[in-house]
Amino acid sequence: MSNKVNTSPINTSRNITEEIYKKSLELLRERKRTEQLLYGVSEAVFSVDSDYKITVFNRAAEKMMSISSLEAIGENADKIVHLEKEHGQPIPASDYCFKGKEEYVGLDIAVLKSSSGNFYITIKSSETGDETQKECIITLTDFTRERFLEKTKDDFISVTSHELRTPITIIKSYLWMLENGKGGE
């Protein structure tokens, strides 16, 4: 009985094909896992290539911008993502992507306009890739609720101080009148 390994060209080719198939399956599983992680993030995340075409668009971005990833991917970011400064000046993708920095921390406050409403957001972006294929990953953090609560608090304090100031002013006037004898004995 011989322990001879069959190294015919057909078997070698079959082994290589099996290895390629196994590696392809591993890569596919890893890609699916990575996509699930990205799509599960609660912040809006999308990425653009060097031509500012959207390459990734997660579920939170779909919800905020009322557009599916299938419709967004391949489109110019400025066509899909409508960002403005608070006073209404548009913010193009070129303002927060490919600035040559490791990470860009955007404006303190920007407004994302979409058919589902306006969102107050902060922009954070970072670059990935090499010289031949760069991508910019953008994270939009929604703090609309916090902004609303802050405005509500400010309005409450303003109204309360005004309401308290009015009776105190009247009391002070009566005390002044009494002290100076303006109302009689």
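Descriptive notes on the structure:
- Cα→Cβ-extended label distance, 7 Å offset, between Arg59 and Glu75, nm: 2.1
- A value for percent of Cα pairs over 20 Å apart was derived from the coordinates, and within the list (1) 64; (2) 53; (3) 69 it appears as (3).
- Across q = 0.18, 0.26, 0.27 Å⁻¹, region 112-185 modelled as identical point scatterers on its alpha-carbon atoms has Debye log10 I(q)/I(0) values of -0.87, -1.09, -1.11, in the order of the q list.
- Built amide H within the under 5 Å cut-off of Lys134, gap 5+: Ser50
- With a simple spin-label model that places each label point 7 Å from the Cα along the Cα-to-Cβ direction, the separation between Thr34 and Ser50 comes to 2.0 nm.
- Mean separation of Cα contacts under 8 Å, 6 or more apart, over the residue count of the chain: relative contact order %: 15
- Other-chain or far-sequence residues with amide H under 5 Å of Ser114's (modelled H): Phe119
- Calculated on the alpha-carbon coordinates, the convex hull of region 10-116 measures out at 145 cubic angstrom per residue.
- Exposure ranking of Tyr174, Tyr39 by accessible area [1.4 Å probe, largest first]: Tyr174, Tyr39
- Degrees between helix 9-39 axis and first principal axis of the chain (Cα, 0 to 90, nearest 10): 10
- Amide H partners (placed H, <5 Å) of Val41, local residues excluded: none
- Between the helical axis of 144-179 and the longest alpha-carbon principal axis of the chain there is an angle of about 10 degrees.
The values are calculated or read from the model by the stated rules, or taken from the named source; none is laboratory data. Fair warning: this is a prediction, and the values are worked out from it, not measured in the lab. Cβ sites come from the backbone with ideal geometry, for glycine too, and all protein chains shown count toward neighbours. SASA here: full protein model, heavy atoms, side chains in, ligands and nucleic acids out. Shrake-Rupley method; radii C 1.70, N 1.55, O 1.52, S 1.80 Å.
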